[in-house]
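Comments concern the structure below.
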There are 2 protein chains.
Amino acid sequence: MPKILIRPGFILSGGDNWDLSSDSEILIEDGIIAYLGHCRGYVVGEIDRIIEGNSKLVMPGLVNTHTHAAMVLFRSFADDMPLMEWLEKKIWPAEARLNNEDIYWGTMLAISEMIRGGTTCFADMYFHMDDVARACLESGIRASLAQGLIGIDPEKGTAGLKQSKSLISSWHGAGEGRITMMLGPHAPYTCPPRYLQDVMSIADILKVPLHIHLAETRDEVRECLDKWGKRPVELMDSIGLFAQRVLAAHCVHLNDGEIKILAEKQVSVAHNPGSNLKLGSGIAPLKDLLTAGAHVSLGTDGAASNNNLDMLEELRLAALLAKGFHEDPTAIPARQALKLATVNGAQALFLEEGLGMLKEGAPADLIMLDLQKPHFNPHHDLCAHLVYAAAAADVELVMVKGKLLMEKRELLTIDEERVLYEANRRAERLTR
Amino acid sequence: MPKILIRPGFILSGGDNWDLSSDSEILIEDGIIAYLGHCRGYVVGEIDRIIEGNSKLVMPGLVNTHTHAAMVLFRSFADDMPLMEWLEKKIWPAEARLNNEDIYWGTMLAISEMIRGGTTCFADMYFHMDDVARACLESGIRASLAQGLIGIDPEKGTAGLKQSKSLISSWHGAGEGRITMMLGPHAPYTCPPRYLQDVMSIADILKVPLHIHLAETRDEVRECLDKWGKRPVELMDSIGLFAQRVLAAHCVHLNDGEIKILAEKQVSVAHNPGSNLKLGSGIAPLKDLLTAGAHVSLGTDGAASNNNLDMLEELRLAALLAKGFHEDPTAIPARQALKLATVNGAQALFLEEGLGMLKEGAPADLIMLDLQKPHFNPHHDLCAHLVYAAAAADVELVMVKGKLLMEKRELLTIDEERVLYEANRRAERLTR
């Protein structure tokens, strides 16, 4: 791999420390940040490639901890509808027609959009995951993948688990560690406790985490109480799910006891404010979760319920919504919002230490943004700009594990024209 | 003025009808839409300039009905703070240092950002309005301007009114009607009823509408009740303010009676969801206002409390927030959100009929967006894409009154480099 030196105007290394440094540079060798600090005066010869970025800002790549990537094929196919009508009349019939090539091209479209918005890593739960993994491998993005498991029908449930085992043995650690796998029990209402016990046994054996939807809607809570006499988070706790490493998406409808459980058991909560608003699910108590010490990261959910995969938009929404909902302008300050979308995301996916921030020895997953735009000026506080003013199109360069995936807004690993063509062609067939 | 023909892939004419037409074209002559319909096969010669836009979409320009443009100079200067501390320790001291040249360059920065995001018209309330008007005149944008009036100190209140009269006589109708003026009594808590009576008398004489902040925070309501025994909207109604043409910004804290008053008196409500969330003011009852028949449009507020002037973001936020807040995914469907940001905006500013939509005889205020981007594909529903997926950077071309202000994302009437330089230089002095 080429030795690359980036000399940007500004660096935000992230982690707990979002202080701005200027006059610094980042040396990337073998996919790793080999040096980060004041300029040493390297010259071409010692270095294969020098990237100058005078009026530009480098920061850690964004981590999207909950999506269903190929659902971009259903972007704006059906909106502004009641949830069950939307699912039963529109989404499920269209999904039933998806073949593995649709999933591949849909995932490629999603990855194109994610790279363009500065996302370097995402967690996906869907199906035909061999084809999702193939798209990740080819495009160079980092991903944590889980096949969605439905356990209501025992036969299908068992088949899904078998398939998941095979997926994990094929793909866990592929792309020199870029691709990791999880088990994906869909939700408490589609996976009864007995089935979840089976999932947990396999997670123990294969040493992989779980990715589940949890407490997304008021109806889910009501049904769970009716059926099991417990609320969703309580039910999951009672069957020992949280002894596993769990990524729980949504967590909108929680009582104080459930917030405490999520915090104490260090469940990774994927907060999806855009999707929760759009589907009318409600507003998750982000401030209360963080105050209780819960581990929260951010997801876009699928593009059928968002309708984009824009993590800068999602982190802004998370910060704004918490302030407005609690009528507290000090809730989720800018640096905390940035943490949710970077290092918290990497930790939520149980990835190697160092991911989600920029430091020596960490994988070089980073993005560079162009600040020479009206909405990024004047330069009072670049962290606040990133949260409250930035846009996906400000991202100019994306690097994952030392490899450039986008430069000057040109995708380098994806034939974007073909992806748009295939996605439109397939979407038309799927929704006809 | 040159005769321009635009041949885009798609046209959304807006108004009440957001149906998509393809194979259509728009002819612009003397600042007016002279023809809109199926292609007639014009050729260069008959037409001075033909703009082809195969994979592009033309729609009405966006109207931002509440901002303080030059406050971009304080973008991200102070965030995540309690409201009064933010105002007293940060914003007011910095504002006290603003001179007229700062306002000119700040407004130019704001206009640059607004044009880049597809805004063709905005309503401003600030001071040094001669310089704001100058920036609007030079840049080619459409604007409705009001000098902010504070009536607590009678002497200053009277001086402000005198100045407003002179501004109105200088600028109302300038730029061949592009610039219109309003009177800008700041808010009920800074303009006591007696002063508002004076403002109303002058509005009657000069035949201009009023632009006021109303019911923005819980504290405002409490203070108004303490002082006048009425809530802000009730108080304004009781003194006859709503017999005037009134643009009321915010309207967050309303009871049912006040919603009814705003609807019955056809007050123009400027909904500012981003600012209301960010300052922790709360969530305005948008769905209830619309259900009651109130006239609602959208504003970004100033960039010190947003922190951008992105109307596509604001209309998305309005739609999402209403759905989530009411737990109703059918609230504010896509086409209604688009109406809020276009024709409702033009009507809110009491501008000529036809503005805010595309039709023959209407002023040619329009924008063209590029759809060849992952987040705009597949093409199931372009209206939904505009609301739920689009971004400011998708806007490629902006025209106001038949004049091109941006083409291929290049600003044509503004020296952007100089604007960024001046804005940064001045912001540094102001906040030192």
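Observations
- Note on chain A: GNM, Cα springs under 10 Å; of A:140, A:356, A:177, the largest mean-square fluctuation is that of A:177.
- Local charge for residue B:280 was computed over the other residues whose Cβ lies under 9 Å away, with Lys and Arg +1 and Asp and Glu -1, and equals 0.
- Across the identical copies, how the residue B:162 labels are spaced - nm, sorted shortest first, 7 Å along Cα→Cβ: 9.1
- Prolate/oblate/rounded label for the range B:294-395 (Cα gyration tensor, a/c 1.5): rounded
- Inter-part distance, the range B:207-226 to the range B:313-358, computed on C-alpha centroids, equals 22 Å.
- By definition, a body whose alpha carbon gyration tensor gives a ≥ b ≥ c is rounded when a/c is under 1.5, and the range B:62-348 falls into this rounded group.
- The mean count of C-beta atoms from other chains within 10 Å of the C-beta of residues in A:313-324, rounded to a whole number, is 6.
- Gained length - residue B:99 relative to residue B:162, 0.36 nm times residue gap less alpha-carbon distance: 20.7 nm
- Net charge, residue A:388 excluded, C-beta distance under 10 Å - Lys, Arg +1, Asp, Glu -1: 0
- DSSP beta bridges fully contained in chain B are about 40 percent antiparallel.
- Take the Cα of residue A:328, step 7 Å toward its Cβ, do the same at residue A:22, and the gap between the two points is 3.5 nm.
- Residue by residue along A:107-119, Cβ atoms of other protein chains within 10 Å of the local Cβ number 2 on average.
- Sorted from closest to farthest, the other copies place their residue B:46 label points 6.7 nm away, with each point set 7 Å from Cα along Cα→Cβ.
- Gain upon complete extension [residue A:92, residue A:409; 0.36 nm per residue less C-alpha separation]: 110.7 nm
- At 7 Å out from Cα toward Cβ: residue B:328 inter-copy label distances (nm, ascending): 2.9
- Nearest-to-axis residue in chain B, judged by Cβ distance to the rotation axis that brings B onto A and given in whole Å, is B:393, 2.
- Between the range B:229-261 and the range A:26-100, the C-alpha centres lie 46 angstrom from each other.
- In terms of its C-alpha gyration tensor, the protein assembly as shown comes out prolate, because a/c is 1.5 or above and the ratio a/b outweighs b/c.
- Near-label residues of the range A:1-18 by backbone N, under 16 Å of a point 7 Å along Cα→Cβ of residue A:49: A:1-8
- Calculated FRET value between residue B:206 and residue A:205, using beta carbons and R₀ = 56 Å, to 0.05: 0.10
- Across B:323/B:359; A:323/B:90; A:89/A:287; B:3/B:373; A:265/A:323, pairs whose alpha-carbon gap is larger than 24 Å: B:323/B:359; A:89/A:287; B:3/B:373; A:265/A:323
- Charge context of residue B:357, other residues only, Cβ under 13 angstrom, K/R +1, D/E -1: -3
None of the figures in this text is laboratory data; all of them are computed from the coordinates on show. Remember, it's a predicted structure, so these values are computed and weren't measured experimentally. Reconstructed Cβ throughout: ideal geometry from the backbone, glycine too, with neighbour counts over all protein chains shown.
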